[in-house]
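Here's a structure for you.
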4 protein chains.
Amino acid sequence: MPLEVGVLGYGFMGKAHANAMARLPMFFPDAPAIDRSVLIGRHESALADAADRLGFDATATDWRDVVDDVDVFYNLGPNHVHREPSVAALEVGTPVFCEKPLAPTLEDAEAMAAAAREAGDDVPAGCAFNYRFVPAIQYAKRLLEAGDLGEIHHVRGRYLQDWMVDPEAPWSWRNDAEMAGSGALGDLGAHTIDLLRFLVGEIDRVSGHLTTFVDERPVEGAGTDEIRPVTVDDAYSAQLELENGAMGTIEASRFATGHKNDHTIEIHGSDGSLRFSLERLNELEVLRDGDRGYETILVTDEDDPYIDHWWPPGHVIGWEHLFVHENYEFLCAVADESEYEPNFADGLAAQRILDAIEKSDNRGEWISLES
Amino acid sequence: MPLEVGVLGYGFMGKAHANAMARLPMFFPDAPAIDRSVLIGRHESALADAADRLGFDATATDWRDVVDDVDVFYNLGPNHVHREPSVAALEVGTPVFCEKPLAPTLEDAEAMAAAAREAGDDVPAGCAFNYRFVPAIQYAKRLLEAGDLGEIHHVRGRYLQDWMVDPEAPWSWRNDAEMAGSGALGDLGAHTIDLLRFLVGEIDRVSGHLTTFVDERPVEGAGTDEIRPVTVDDAYSAQLELENGAMGTIEASRFATGHKNDHTIEIHGSDGSLRFSLERLNELEVLRDGDRGYETILVTDEDDPYIDHWWPPGHVIGWEHLFVHENYEFLCAVADESEYEPNFADGLAAQRILDAIEKSDNRGEWISLES
Amino acid sequence: MPLEVGVLGYGFMGKAHANAMARLPMFFPDAPAIDRSVLIGRHESALADAADRLGFDATATDWRDVVDDVDVFYNLGPNHVHREPSVAALEVGTPVFCEKPLAPTLEDAEAMAAAAREAGDDVPAGCAFNYRFVPAIQYAKRLLEAGDLGEIHHVRGRYLQDWMVDPEAPWSWRNDAEMAGSGALGDLGAHTIDLLRFLVGEIDRVSGHLTTFVDERPVEGAGTDEIRPVTVDDAYSAQLELENGAMGTIEASRFATGHKNDHTIEIHGSDGSLRFSLERLNELEVLRDGDRGYETILVTDEDDPYIDHWWPPGHVIGWEHLFVHENYEFLCAVADESEYEPNFADGLAAQRILDAIEKSDNRGEWISLES
Amino acid sequence: MPLEVGVLGYGFMGKAHANAMARLPMFFPDAPAIDRSVLIGRHESALADAADRLGFDATATDWRDVVDDVDVFYNLGPNHVHREPSVAALEVGTPVFCEKPLAPTLEDAEAMAAAAREAGDDVPAGCAFNYRFVPAIQYAKRLLEAGDLGEIHHVRGRYLQDWMVDPEAPWSWRNDAEMAGSGALGDLGAHTIDLLRFLVGEIDRVSGHLTTFVDERPVEGAGTDEIRPVTVDDAYSAQLELENGAMGTIEASRFATGHKNDHTIEIHGSDGSLRFSLERLNELEVLRDGDRGYETILVTDEDDPYIDHWWPPGHVIGWEHLFVHENYEFLCAVADESEYEPNFADGLAAQRILDAIEKSDNRGEWISLES
């Protein structure tokens, strides 16, 4: 019996996950069989079109009608819609996969993580930190776990985009504190924070800095000259102190002219260093003990993570492939009723750091993360 | 009525094209509907498995039973199997899509191109030069057609792999002159030659150089110590003179240690230059009039070729996406009974150059391509 | 009459400046004539050797005997020796050139800047921020002054070295708070801060973070097993808010495994971006309005800053050439009795920021720079 | 007693070598003492200026008056002036250092090499292949000699410039077959050929291709509209077969838009690969056995070739430093009356290959180099 999957949201993320699900049988034949059963949204006609294009059997306009019926619930809506449906699904024992950041507020994230804890380990509650599933990042994780970089001294992450640098770029829900929680911080920073937690470990203290360069934007649409306020950050930075003694700097921006989706991670340890850039996601730069410079590794060999499912060495994969890996791992966990990571606890941990960064910016001082 | 597609070959290329076909509906909704009807191969049990995994309705062990029944025939077999089934299909008016190089010999290629000519323009006969469908290459084509690089003086192409550098790497049909025609020359050089013809124009004269570094190899398999001769080149180079007065150098190798699938194209004109590398296929380096250095363009913007079908700017695509573009264009041509390029005439043109390069190597002198 | 030059210090910096002076006549024929008159140091025999090798006419072991006699005084000693001789020289109207950071403490820096102010504009007091004199940095300055990058949103600087990552690397004066003031912060961060002030403008607020990874080190030398404490930072980071509204992050480390002298500057404005790296100091990456990616400019054309003095386009210069440009500008100012920048006021401005970063680290809160 | 040095030529090369000589005492204190005694040229007033700026004691307008008087003779004139003065100097036992290519014709080169042979090993006759003295190239040489790259399969070299791409760029002696011998081939190709001989070994057979894109050019100068023919190549390419079984491609151009002085060398062996680029001459990219990608090595460590004479790690050197290394080695050989390489025999060997490439182009066939 295939798993019945219900998906809330049919925008960018809906397309990315539907595609990932559709690709599993050919490339991950041991993945559980699934049915894209129900696509959930508010605007019936757009929803019907999307369901047709994305291969869903049916549609629904209220998630309440769905979360109990399906075997898995994907919550791909805007941040302010993460909590209620996810908690409802978990309360009836339906595994949930939720987009990141887990929630617009720490309170919401705590409620969601609590619901996941109560649902139990056999009800996976995944948080969509998809960059963990880049083969090069998995390769980096192997190196770090093997201790190849020694004691870690420095971490550095930045996520640069430029789609809001034009002051006339239209207002969206991503500019609204109520709906999004934060701006570049939550949208982009959440990815960086999760990768650093995944690769290097927990963060103890943060000092944050948020800036809004353009504080109001026009609403898109014919015949309107409505202007709405931007109530979130356009860019953030933070300094970190990690549990293992490393120090770090992270930042993100929607105003980094010329950068489209440039997420980079750099780590220096006592025995080596590594660098990763999302726009060249097939590559990892690694410097190991005895090396004098970075070795640029094309992570597409047969024994590289996930690569045996795809193409021969040198035949590069793209951004969407991360979603296939992520859906594979999550759906296997659902079928096996086993734990999945990154989960809601990871989502909450990231949220606590996002929240601490905002608090730090407000108060002008370092904030400790309570353990 | 969906187009019934028959496919000969279920190896690497079979998987690449089946995947491309499977992905069309979600991303290219205006592509013609198709059925993956029949998968053709010799080994029944492996074939059945492949058909199941690649989503084919049925299997056949003789292409003769198929070419007349289907609406489109894909010939993805080894080079020495290109001619007979392709010609048979064209003779009954079935459009054919054939892997490159078009044939192991010039004679075969000529017969195939003749069959395509006789079938007429409304029966597309495509040759699988998939690298024409890289967005960055299409972008380069636009620049060249607009004259942005001025008069072209230099072209340079190289295709580097290293999978045979180990003398113990096992013998395969690709090492055999009968089955493959040539080695690196036909397998890799055909791509380079097609890209240069596509981007810059016809080649007038060539001087070629072929080398076989390891002249026999072990046959893989338990309990055997059979050794077979390598009767093709491990690497080739050639100097070119183009119709437009440009000069060029091209080369390919299976012995370029550290390079997996490194196909690069470089062009210098009187007003600018460009560079492309397949291992970074989302990027194009362009120098235009007035620029002092190359601009590294990430060809993933909404108005870049094919990109509106995929993901937002900066969300990179992979090697397999070229096959989706290629299948889209070819299947549209089939549905519209219109011309498709690159076609068998392009395949033959490339073959003539491959043949001239080999002849030049044999004779130790330049060879002119008769017009 | 050639200018009589007295130089305190004959280590790395002594060699760098003596070389620069020696090269002026051949490459900058309009530079004032100078005599390398006196080299000052404490260890007579080493001093005599150095004077011989570096082309000085005489030596002295006490700067007090020199500062009044010479026309120019170069103070290239360790940081804690910057104040007294520099002030003494200025008090007798002798122009001074002092290595960076200007001083180990803010108090010292203020005293030095006051002495320079009192000496007047016709007595140049230069601070050795030599990276202003990289042709690529001067080129960047031109772009920024022309407004080519628009309104600046982001600045980023980092200076990575790894010579102390080994815990057994020997103790030096650079590890001592009394003598050096601070560690990576003052030694490396001072450069970054000066470049950002030069290129983008004043800094309003900082949040700093200093870390010492290894807190004691062996003293080098035969027969000793003395251990001394490290009382300065091994690495620092800081977040910045600039007067013009831009935000920034800067950092430096002596623990960045694999990086030798890697000083990078990145700037994003509303109309463009740029990137510079000291280990590729002949290059500047620039993205201007209308560009889609960074253009890698080799800043070695005839009309690039200072290049007409050197070699034809593409014949790259090295790190030492910056010292030639710096000495040229400084010595011309001395000869002309005109203002020179970067001067002691710039040194003090940088020192205030260094000091604020340390204070911020101590207090765990942002520190404003009083205007 | 310092060596008396006479130098013919005070253009670009005169400046480069005078500078190198001037820098030796400070950085290579064990180099023999020299006097820049006589500068030789035809135009008295320009010559006097140059002698003054470049630090020569005297001038002469006829080399005949000089070659016997000095201890060393530098021939830095145009190619057609290489033979006569060099031979005359050698005949009187004066060591000679001659710019490359050794001569405009094979006949001249043979006469010069014969003169050097007759003068004997204690009279060094150096040919100015300065790129052997790049630290990264010396480092590559060490790797190759240690066998780290295994058996060599591929060599590749190209030297790209663009200073003649404008058809209005003025005519110079470099465009004239009588004076220059050849164009890009001799001027740039000679460097590539020497590096390949130095690093990998002798060349057995060549197939060459020369092109002249613009066949006449204006003569520079007020009030003239004279046009002169270009009788040399603007660009060349060649295919190589090496004695050790490797194959190669080399090329050079003065029409490679956007490239100023871009000389790259690439080598693939059975166990590794390397890449070098002159515009980033402090770096070497190396892939060794067991590596998966190229390691980018900054060749500025203390134990790297020549680096202990200069600056600490990461403080990059420039193009001119190669001349210092080269002059150091040559002048030491003069002082020691010992052999120096690259010598006139190397110059002749390169000349034979240049000549074979031209012959091959003329005849349209491969040419063997007689041993």
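For the range C:4-50, give me the residue count where each residue is of a type outside the set (A, V, I, L, M), assigned to a helix (DSSP H, G or I) and in contact with a helix residue (DSSP H, G or I) (Cβ under 8 Å, 6 or more places away or on another chain).
Number satisfying all stated conditions: 7.
Can you tell me which residue among D:Arg205, D:Arg197 is in a helix (DSSP H, G or I) and of a type in the set (Lys, Arg)?
D:Arg197
Can you tell me which of (1) β-branched (Val, Ile, Thr); (2) touching a residue at least 60 places away in the same chain (Cβ under 8 Å); (3) within 14 Å of chain C (Cβ to nearest Cβ) is the one D:Val334 doesn't meet?
Unmet for D:Val334, out of (1) β-branched (Val, Ile, Thr); (2) touching a residue at least 60 places away in the same chain (Cβ under 8 Å); (3) within 14 Å of chain C (Cβ to nearest Cβ): (3).
May I ask you to list the residues in the range A:253-292 that are surrounded by fewer than 21 Cβ atoms within 10 Å (Cβ to Cβ) and not in a strand (DSSP E or B)?
If the condition is that a residue be surrounded by fewer than 21 Cβ atoms within 10 Å (Cβ to Cβ) and not in a strand (DSSP E or B), then A:Ser270, A:Asp271, A:Arg288, A:Asp289, A:Gly290, A:Asp291, A:Arg292 are the ones that fit.
While we're on this one: So, C:Leu298, is that one more than 14 Å from chain D (Cβ to nearest Cβ), touching a Leu at 6+ places or on another chain (Cβ under 9 Å), among the hydrophobic types (A, V, I, L, M, F, W, C) and crowded, with 23+ Cβ neighbours inside 10 Å or not?
Criteria not met by C:Leu298.
Select from the range D:337-368 the residues that are within 14 Å of chain B (Cβ to nearest Cβ) and aliphatic (A, V, I, L, M) and list them in ascending order.
Within the range D:337-368, D:Ala356, D:Ile357, D:Ile367 meet the criteria.
Right, next: When both residues are 6+ apart or on different chains and their Cβ atoms are under 7 Å apart, which pairs have a first residue that lies in the range B:203-224 and is charged (D, E, K, R), and a second that is surrounded by 15 or more Cβ atoms within 10 Å (Cβ to Cβ) and assigned to a strand (DSSP E or B)?
These pairs meet every condition: B:Asp204/B:Glu241; B:Asp204/B:Leu242; B:Arg205/B:Glu241; B:Arg205/B:Ile367.
Report yes if C:Gly150 is surrounded by fewer than 24 Cβ atoms within 10 Å (Cβ to Cβ), in contact with an Asp or Glu (Cβ under 7 Å, 6 or more places away or on another chain) and assigned to a loop (DSSP other than H, G, I, E, B), otherwise no.
yes
Taking C:Thr257 as the residue in question, decide whether it is within 11 Å of chain D (Cβ to nearest Cβ) and either touching a residue at least 12 places away in the same chain (Cβ under 8 Å) or closer than 30 Å to A:Leu149 by Cβ (or both).
So C:Thr257 fails the test.
Assess whether A:Ala190 counts as being hydrophobic (A, V, I, L, M, F, W, C), within 30 Å of C:Gly150 (Cβ to Cβ), more than 14 Å from chain C (Cβ to nearest Cβ) and crowded, with 24+ Cβ neighbours inside 10 Å.
Judged against the criteria, A:Ala190 is a match.
Sticking with this one: Here's a check for you: in the range D:51-63, which residue that is outside any helix (DSSP H, G or I) and either within 14 Å of chain C (Cβ to nearest Cβ) or in contact (Cβ under 8 Å) with a residue 24 or more places away in the chain (or both) is surrounded by the most Cβ atoms within 10 Å (Cβ to Cβ)?
Only one residue tops the list, namely D:Phe56.
Another question about this same structure. Which one is nearest to the other protein chains (Cβ to nearest Cβ), of the residues in the range A:153-173 that are among the charged types (D, E, K, R) and without any contact (Cβ under 8 Å) to a residue 60 or more places away in the chain?
Looking at residues that are among the charged types (D, E, K, R) and without any contact (Cβ under 8 Å) to a residue 60 or more places away in the chain, I get A:Asp166.
Quick one: would you say C:Phe323 is within 30 Å of D:Asn19 (Cα to Cα) and either in a helix (DSSP H, G or I) or of a type in the set (Asp, Glu) (or both)?
Taking the combined requirement at face value, the residue satisfies it.
Taking the conditions exactly as written (modelled with pLDDT of 95 or more and surrounded by fewer than 24 Cβ atoms within 10 Å (Cβ to Cβ)), does D:Arg132 satisfy them or not?
In short, yes.
Right, D:Leu242: in contact with a Gly (Cβ under 7 Å, 6 or more places away or on another chain) and crowded, with 20+ Cβ neighbours inside 10 Å or not?
yes
Are any residues in the range C:295-314 touching a residue at least 40 places away in the same chain (Cβ under 8 Å), outside any helix (DSSP H, G or I) and in contact with a Ser or Thr (Cβ under 9 Å, 6 or more places away or on another chain), and if so, which ones?
Passing the criteria: only C:Trp310.
Further, regarding this structure: Need the failing condition index for B:Ile317 against (1) in a loop (DSSP other than H, G, I, E, B); (2) among the hydrophobic types (A, V, I, L, M, F, W, C); (3) in contact with an Asp or Glu (Cβ under 7 Å, 6 or more places away or on another chain); (4) within 11 Å of chain A (Cβ to nearest Cβ), just the number.
(3)
Can you work out which of the residues in the range B:72-99 that are part of a loop (DSSP other than H, G, I, E, B) and at pLDDT below 95 is farthest from B:Ala18 (Cα to Cα)?
In this case the residue turns out to be B:Pro78.
Now for a different question. Filter the range D:1-26 for residues that are surrounded by fewer than 20 Cβ atoms within 10 Å (Cβ to Cβ), within 22 Å of C:Trp310 (Cα to Cα) and not aliphatic (A, V, I, L, M) and give the result.
Result: D:Gly11, D:Phe12, D:Pro25.
Here is a follow-up. Within the range D:131-142, identify whether any single residue is touching a Pro at 6+ places or on another chain (Cβ under 7 Å), in the same structural domain as D:Val232 (by TED's automatic domain parsing), more than 30 Å from B:Asp289 (Cβ to Cβ) and of a type in the set (Gly, Ala, Ser), and answer yes or no.
Scanning the range D:131-142 turns up no residue that is touching a Pro at 6+ places or on another chain (Cβ under 7 Å), in the same structural domain as D:Val232 (by TED's automatic domain parsing), more than 30 Å from B:Asp289 (Cβ to Cβ) and of a type in the set (Gly, Ala, Ser).
So, one more: Considering only the range A:339-348, state which residues are more than 13 Å from A:His191 (Cβ to Cβ), under 13 Å from the mean Cα position of the chain (by Cα) and either of a type in the set (Phe, Trp, Tyr) or assigned to a helix (DSSP H, G or I) (or both).
Matches in the range A:339-348: A:Phe344, A:Leu348.
Within the range D:351-367, does at least one residue satisfy the condition of being touching a strand residue (DSSP E or B) at 6+ places or on another chain (Cβ under 6 Å), among the aliphatic types (A, V, I, L, M) and outside any helix (DSSP H, G or I)?
Yes, that holds for at least one residue.
Any residue in the range C:269-289 that is in the same structural domain as C:Thr300 (by TED's automatic domain parsing) and of a type in the set (Asp, Glu) sitting within a Cβ distance under 6 Å of a residue that is crowded, with 24+ Cβ neighbours inside 10 Å and in a loop (DSSP other than H, G, I, E, B)? List the pairs, counting only those 6 or more apart or interchain.
Short answer, once both residue conditions are applied: C:Asp271/C:Leu149.
Pick out the one residue from C:Ala22, C:Ala46, C:Ala33 that is in contact with a Gly (Cβ under 8 Å, 6 or more places away or on another chain) and either on the phi > 0 side of the Ramachandran plot or not charged (D, E, K, R) (or both).
Being in contact with a Gly (Cβ under 8 Å, 6 or more places away or on another chain) and either on the phi > 0 side of the Ramachandran plot or not charged (D, E, K, R) (or both) holds for just one of C:Ala22, C:Ala46, C:Ala33, which is C:Ala22.
I've got another one for you. With away from chain C (no Cβ under 14 Å), farther than 26 Å from A:Glu295 by Cα and touching a Lys or Arg at 6+ places or on another chain (Cβ under 6 Å) as the only criterion, which of D:Glu226, D:Glu220, D:Glu241, D:Glu266 stands out?
Of D:Glu226, D:Glu220, D:Glu241, D:Glu266, the one residue that is away from chain C (no Cβ under 14 Å), farther than 26 Å from A:Glu295 by Cα and touching a Lys or Arg at 6+ places or on another chain (Cβ under 6 Å) is D:Glu241.
The values are calculated or read from the model by the stated rules, or taken from the named source; none is laboratory data. Bear in mind that the values here come from a model prediction, so they are computed numbers and not experimental data. Cβ coordinates were reconstructed from backbone atoms using ideal geometry, including for glycine residues, and neighbour counts include every protein chain displayed.
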